[in-house]
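Worksheet for the structure shown next.
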Amino acid sequence: MSSETVLKDARKAGISNATLRRAKGSLEIQAKKSGFGQAGEWVWGLPEALRCSPFPKGDQENTMSALAVDDHLSEETASG
């Protein structure tokens, strides 16, 4: 997200620059220059370790369904 947008939205929400700067440090937000020269802009983003991914670390692949034969909710175990 562009730093300009972050600053503008923070001002609208009544957040001071000092508070925003402290939050940026606490959350380890990374500021990077996107683009070159005058056309470039500063953007803020989460560090790689905090970004969401489709497969979070430690997540287990779900290969069972409620209708699978060896699932704990199968008909055999539900009736008895």
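The values are calculated or read from the model by the stated rules, or taken from the named source; none is laboratory data. Since this is a predicted model, take the numbers as computed values, not measurements. For neighbour counting, all protein chains shown are included, and Cβ atoms are generated from backbone atoms with ideal geometry for every residue, glycine included.
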Residue satisfying condition, being at pLDDT below 65, under 20 Å from the mean Cα position of the chain (by Cα) and not basic (Lys, Arg), within set 80, 45, 58:
58
Residues of segment 1-33 being of a type in the set (A, V, I, L, M) and touching a strand residue (DSSP E or B) at 6+ places or on another chain (Cβ under 6 Å), which ones?
1, 6, 29, 31
